[in-house]
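The values are calculated or read from the model by the stated rules, or taken from the named source; none is laboratory data. Please read these numbers as outputs of a predicted model, since none were measured by experiment. Quick note on the areas: whole protein, heavy atoms, side chains included, nothing else; ligands and nucleic acids left out. Shrake-Rupley method; radii C 1.70, N 1.55, O 1.52, S 1.80 Å.
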Amino acid sequence: MEERHPVKKWEISIMELQYPFGKKYKVTRRLPELLVAETKIVATKEEARKLFEEWLK
């Protein structure tokens, strides 16, 4: 899933990562014009969704 922030032009994405011991979720926001990115790994889908929505604001 990927969306853009309406004003700041952030590209925000969520990826599900499968490990032998369970799933993790990677949430990334990028500002392509400045070649800047921030990534966070969270344990649950709910945390990932919350962070995704927070970064869209």
* **Surface accessible to a 1.4 Å probe, LYS50 within the full protein complex, Å²** => 150
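Rank these residues by their accessible area, most exposed first, probe 1.4 Å: VAL27, VAL42, VAL36.
Numbers: VAL27 0, VAL42 25, VAL36 65 Å².
Highest to lowest solvent-accessible surface, that is VAL36, VAL42, VAL27.
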* Evaluate the chain: find the radius of gyration of its Cα atoms, find its Kirkwood radius, and give the ratio Rg to Rh. => 1.01
* To do: Could you tell me the accessible area of THR39 in Å² (1.4 Å probe, neighbours in place), rounded to the nearest ten?
  => 80
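Quick one: length gained pulling GLU11 to LYS45 fully straight, 0.36 nm per residue minus the C-alpha distance? Walk me through the intermediate numbers first.
On the way: separation 34, 0.36 × 34 = 12.24 nm, distance 1.89 nm.
Computed gain between GLU11 and LYS45 is 10.4 nm.
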* Straight-line reach from LYS45: which lysines have a Cα under 21 Å away, not including same-chain ones fewer than 8 places off? -> LYS23, LYS24, LYS26, LYS57
